[in-house]
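A short worksheet on the structure shown next.
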Amino acid sequence: MARKGTLVVLSLAAFILTIAVAGCSKPGVSKANFDKVKNGMTLVEVQKILGEGKKGISITSTFGKLVGQGTTYVWEKDDIKISIIFKDDKVISKNALGLEEKK
């Protein structure tokens with residue numbers, strides 16, 4: 001009988017741990033998620049981190065690593081605005097406003 005109780009406790013613990021881990025990886029606009037975005041990631045990879053972004057302007061110019069055409073996507077929440085430039089479906093630049101630490 002004690003074995004059945006142990007299984008129930010272990011199952012409940014596993015369920016709670018699963019929910020806690022899933023909550024940590026929730027997509028959205030935050031400093032923690034902005035920091036996860038790295039150069040070379042695809043739009044799909046970034047959307048898994050930040051959620052669905054809005055396609056912004058297409059750029060044709062020579063600026064830093066951007067030579068030729070690139071596309072900007074924007075993610076916004078409250079006072080936070082994240083802009084990411086993609087070239088050939090890869091992140092080449094990212095910028096954020098409103099992520100500064102509150103003092």
If you go through the range 3-52, how many residues are under 27 Å from Trp75 (Cβ atoms) and at pLDDT 60 or above? 27
Output the residues belonging to the range 72-103 that are open to solvent by less than 50 Å² (accessible area, probe 1.4 Å) and either at pLDDT below 90 or not in a strand (DSSP E or B) (or both). Gly98, Leu99
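The values are calculated or read from the model by the stated rules, or taken from the named source; none is laboratory data. Small disclaimer: the values here were computed from a predicted structure and weren't measured. Reconstructed Cβ throughout: ideal geometry from the backbone, glycine too, with neighbour counts over all protein chains shown. Note: accessible area is taken over every heavy atom of the protein model, side chains too, but ligands, DNA and RNA are not part of it. Shrake-Rupley method; radii C 1.70, N 1.55, O 1.52, S 1.80 Å.
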